[in-house]
Amino acid sequence: MKRRHVGRLAGAAAAVLVAAGAITYAVTEDTGDSDPKTPGPESADAGFARDMAVHHQQAVEMSYIVRDRTENKEVRRLAYDIAQTQANQRGMLLGWLDLWELPKVSAEPPMTWMGMGDMASGKDGALMPGMATNTELRKLQSLSGKQAEILYLQLMTDHHKGGIHMAEGCVAKCTVGVEKRLAQGMVDAQQSELQVMAGMLKERGAAPRS
C-alpha cells in the first residue's frame with residue numbers, strides 16, 4: 001500500500017477522534033431527561049448503541065491480535081487506527097445508554113431493532129452479520145506474518161461490511177440527530193477503509209472472501 005493511503009487513513013481516524021468529543025457533548029443538548037426525543041429501551045437508537053458497541057469490541061480485539069502477529073508497519077498502523085477509532089466510538093455509544101438511563105443489554109436477539117433478529121444465528125460467537133467466529137479468532141491468533149495479515153484484512157473486510165449495514169440502519173431508523181450523524185460517519189469511514197484493505201490484500205496476492 002502506498003504511503004499516502006496510510007497517511008490519509010490516519011488523518012481520517014484523527015478527525016473522527018476529534019469530532020467524537022463534540023458529538024458526545026452535543027448529545028447532551030439533544031437528549032435531556034425532559035426531552036421527548038430521549039429514546040426508549042426498544043428503540044432503534046438504543047438497539048444500535050448496544051449492538052454496535054459489541055460489534056466494535058470485536059474489531060478492537062482483532063486489531064490488537066494482528067498487531068502482535070506481524071511486524072508490517074502498514075498493517076499495524078491500520079490496525080491501530082481501527083482499534084482507537086472504534087474503541088472511542090464504543091465508549092460514546094455506551095455513554096449515551098448511560099445518559100438515556102437505558103440498559104446495555106437486551107433480552108431480544110441482536111439486530112431486532114432492524115427487524116432482523118433472526119438474521120445471525122450467533123453460532124460460534126458470530127452474534128451479528130460480519131462478525132468473526134471464535135474459531136476464526138483462534139486461527140488469527142495462531143498465524144503470523146503475511147498469513148496473519150491476510151486473514152485479518154479478510155475478517156475486517158467482512159466486519160466492516162456488516163458494520164456498514166448496521167450503521168445504515170441507524171441512519172434510516174434512529175431519531176437522535178447526533179447518533180444518526182455518527183452512524184453516517186461510520187459508513188463513510190468504513191467504506192474508505194474497505195478500499196484501503198482491498199488494495200492491501202491485492203498487494204499480498206489475496207482478495208476479500210466475499
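Since every read-out is calculated from the coordinates, none of them should be taken as a lab result. From a predicted model like this one, the values you see are computed outputs, not experimental measurements. In this analysis, Cβ positions are derived from the backbone assuming ideal geometry, glycine residues included, and neighbour counts consider all displayed protein chains.
Kindly identify segment 51-179 as rounded, prolate or oblate by the Cα gyration tensor criterion: order the square roots of the eigenvalues as a ≥ b ≥ c, call it rounded if a/c is under 1.5, otherwise compare a/b with b/c, prolate if a/b is larger, else oblate.
Prolate is the answer for segment 51-179, as a/c is 1.5 or above and a/b outweighs b/c.
Given labels modelled 7 Å from the Cα in the Cβ direction, how far is it in nm from D118 to Y64?
Distance between the two pseudo-spin positions: 3.7 nm.
Over segment 82-210, what is the relative contact order in percent, taking alpha-carbon pairs closer than 8 angstrom and at least six residues apart?
After rounding, I find 17 percent.
Listed highest first by mean packing, meaning other Cβ atoms within 10 Å per residue, what order do 66-79, 100-113, 128-141 come in?
Per-residue Cβ counts within 10 Å, averaged per peptide and sorted highest first, yield 66-79, 128-141, 100-113.
When the label point is put 7 Å from the Cα of K37 along its Cα-to-beta-carbon vector, which residues of segment 73-103 have a backbone N closer than 19 Å?
Hits in segment 73-103 for K37 at 19 Å: 92-102.
Under a point-charge model restricted to the Cβ atoms of Lys and Arg (+1) and Asp and Glu (-1), what is the dipole moment magnitude of segment 170-210 relative to its Cα centre, in debye to the nearest 20?
Taking the Cα centre of segment 170-210 as origin, the dipole is about 120 debye.
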